[in-house]
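Report on the structure given below.
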Amino acid sequence: MKNALAMLALALALVFGALTPTAAKAQSLIDGTVTKVDAGASKITIRHGPIKKLGMDEGMTMVFTAKDPALVGKVKAGDKVKFDADNVNGQFIVTAIEKAK
């Protein structure tokens, strides 16, 4: 009985731990490779795979505007990254970016 309760507690911890906002956010990040950074224009060019939430069924290379100019300083051409993006009034915006581990 003690073993069954311990297993149940572990299973619940794994399930609820996997559903935290931080874990969900990390899973939703898009893989890509930075090909160009234009700090003056706050633009980052990224080669990426499909981005279903933006209606992109195929990978491509695109220029994104950084939501926050500080994001541009986090990466350089050649960096493998994980990022999030949105479509704001027809403009593709990088809302978060980090170097891939």
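Remarks
- Of all residues in segment 26-76, those satisfying the criterion of being acidic (D, E) and exposed (fewer than 13 other Cβ atoms within 10 Å of the Cβ) are D57, E58.
- Looking across segment 60-101, the residues that are small (G, A, S) and within 15 Å of the chain's Cα centre (by Cα) come down to A66, A85, A96, A100.
- Where strands (runs of 3 or more DSSP E) fall entirely within segment 24-85, those with at least 3 residues that are out of contact with any His (no Cβ under 6 Å at 6 or more places or on another chain) and within 17 Å of K99 (Cα to Cα) are at 30-38, 43-48.
- Being modelled with pLDDT of 95 or more and in contact with a Ser or Thr (Cβ under 9 Å, 6 or more places away or on another chain) holds for only one residue in I44, I97, and it is I44.
- Of all residues in segment 57-83, those that are farther than 12 Å from I93 by Cβ and touching a strand residue (DSSP E or B) at 6+ places or on another chain (Cβ under 8 Å) total 13.
- Of all residues making up segment 86-101, the number that are surrounded by 12 or more Cβ atoms within 10 Å (Cβ to Cβ) and assigned to a strand (DSSP E or B): 10
The values are calculated or read from the model by the stated rules, or taken from the named source; none is laboratory data. Everything numeric here is computed off the predicted structure, so don't read it as measured data. Backbone-built Cβ (ideal geometry, glycine too); neighbour counts: all protein chains shown.
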